[in-house]
Amino acid sequence: MEIPNKKINIDDIKVIQAPLAGVSDVVFRGLIRKYNSKCLMTTEMISSEMLCNNPNPRIIKFEDFEYPLAFQLVGHKVDKMVKAAKILAPFASMIDINCGCPVKKVVVSGDGSAMMKTPMLACEILSAIKEATGLPVSAKFRLGWTCDEQNYVEFGKALEKAGASFVTLHARTRSQMYQGQADWSKIKNLVDELNIPVFANGDIKSVQDAKKCIEISGCKGVSIGRGIMGDFSLPYRIEKYIENNEIIDEPSLAQKIEMLKEHLRLEVINMGEVNGIKFMRKFYNYYISSVRNASKYRSILVTLEKEKEIIEVLDEILSLHSQNA
Ligand SMILES: Cc1cc2nc3c(=O)[nH]c(=O)nc-3n(C[C@H](O)[C@H](O)[C@H](O)COP(=O)(O)O)c2cc1C
C-alpha cells in the first residue's frame, strides 16, 4: 500500500530532524508533528551490514505521520549499502548516507566520518544508491577528520557531482567529536561552492541560533538534533522564522514540563514502564535545564522507577519554580 506523504519535495524542507541514535524514535517524531512541524524526519543510523544480514521488511515499520522520512544508512561497502537501500526504498522518502559519525567503533571499519578519507568511495556509494532506488540521496558529513584536514568543500563538491540532492554539514571535525562550538562560518564556504542546498548542523538550540547561523552561512535550512530534546516545538518555531521571519516565544517551564510528562507517558505506552522510564533518563537534563538546582533534580529523577513518582517530582519542581519566580 502506498504511504501517504512519502514523496519528498526538497524545496519545501526548511528544517531537518537530525538523526539521533537511541533518542529519535516514533514517539519523538510524533511529538514533533504534534507541534506542527513539516520538517524532514530522519531515522537513526541503520547499519547496512546489519540490515543485509536480517533483511526482513517486517522490522521496518513506520507511521504515516513520520513522513517525509529519510532513512540514514551507515557502511562503506558499495554492494551492502546498495542492497540495504533497496530493502528500505519502499518505505523511504529518501536515503541519507552517514559520513559524520565520529564514534570509534564506527570509524574503525571505515564507516561514518572515516568516509571523508575516501571521497571517491562515498561518491560511488551515493550514485549507486541513487541509481538502484531512484530516490533522492543526501549525505551528512563533518568539516574533516582533524582541524588540519578539513576537506569538507572538496567532499561536498564531489558528492554534488555524484548526484546528491542536498548535503548536511555538521560544522565540527571528527577529532572534535562533540567538543567546542560548531563553526557556522565554515558552512558559508560550502554554500558558496555548491549549487545544491546545504543544511547547517551543530549547536542550533533556539530560533535565535537558527537566525544567526542562517545569517552567517546563507544555508538553505537547518538540521537540529539536541535542540529538540526538551522542546518539540523548536522545529516548527524555526520553520516559522525561515518562512516569514516570525519569532514565536520559547515554551515556558510549565509547558516544557507538560511536554516531558506527555513524552514520558507515550514512551511508557510504547516500551512498557521499565524500559520507557530508563529510556527517558537521557532527556531530563534538556527539559529542566532552566531550573535552579537542575542537576539535583536530575539526579533524583534518574533513580525513580515509577511514572507516578516522576510526575510528583516534576510537579514539585514546577511549584517551587513558580514560588521563586
Ligand atoms: C545521542 C546522539 C545520537 C546521534 N546519532 C546520530 C546518527 O545516528 N547519525 C548521525 O548522522 N548523527 C548522529 N548524531 C549527530 C547529530 O545528528 C548531530 O549531528 C549532532 O548532535 C550536532 O547537532 P546538534 O547540536 O543539533 O545536536 C547523534 C548525536 C547524538 C547526541
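Of the helices (runs of 4 or more DSSP H) lying entirely inside region 1-100, those containing at least 1 residues that are touching a Ser or Thr at 6+ places or on another chain (Cβ under 6 Å) span 78-88.
Quick one: is ARG281 within 14 Å of the ligand (Cβ to nearest atom), free of Cβ contacts under 8 Å to residues at least 24 places away in the same chain and open to solvent by 40 Å² or more (accessible area, probe 1.4 Å)? So ARG281 fits the description; yes.
One residue stands out among those in region 95-105 that are over 13 Å from HIS170 (Cα atoms) and surrounded by fewer than 24 Cβ atoms within 10 Å (Cβ to Cβ): the one that is nearest to the ligand (Cβ to nearest atom), which is VAL103. Give the residues of region 184-232 that are open to solvent by 20 Å² or more (accessible area, probe 1.4 Å), of a type outside the set (D, E, K, R), without any contact (Cβ under 8 Å) to a residue 40 or more places away in the chain and away from the ligand (no atom under 13 Å from the Cβ), sorted by residue number. Hits for region 184-232 are SER185, ASN189, VAL191, ASN195, ILE196, GLN208, ILE214, ILE216, GLY218. Per the conditions (1) in the same structural domain as VAL26 (by TED's automatic domain parsing); (2) touching a residue at least 40 places away in the same chain (Cβ under 8 Å); (3) more than 14 Å from LYS34 (Cβ to Cβ), the sole criterion not satisfied by ILE257 is (1). Beta carbons closer than 6 Å, at least 6 apart along the sequence or on distinct chains, pair a first residue in region 103-132 that is more than 15 Å from LEU143 (Cα to Cα) with a second that is β-branched (Val, Ile, Thr) and part of a helix (DSSP H, G or I) for GLU124/VAL78; ILE125/VAL78; ALA128/VAL78; ALA128/VAL82; ILE129/VAL82; ALA132/VAL82. Give the residues of region 30-61 that are touching a residue at least 12 places away in the same chain (Cβ under 8 Å), under 24 Å from LYS86 (Cα atoms) and open to solvent by 10 Å² or more (accessible area, probe 1.4 Å), sorted by residue number. If the condition is that a residue be touching a residue at least 12 places away in the same chain (Cβ under 8 Å), under 24 Å from LYS86 (Cα atoms) and open to solvent by 10 Å² or more (accessible area, probe 1.4 Å), then GLU44, MET45, ILE46, SER47, GLU49, CYS52, PRO55, PRO57, ILE60 are the ones that fit.
The values are calculated or read from the model by the stated rules, or taken from the named source; none is laboratory data. Quick caveat: nothing in here was measured; it's all calculated off a predicted structure. FYI the Cβ positions are ideal-geometry reconstructions off the backbone, even for glycines, and counts take in every protein chain you see. The accessibility values were calculated without ligands, DNA or RNA, using every heavy atom of the protein model including side chains. Shrake-Rupley method; radii C 1.70, N 1.55, O 1.52, S 1.80 Å.
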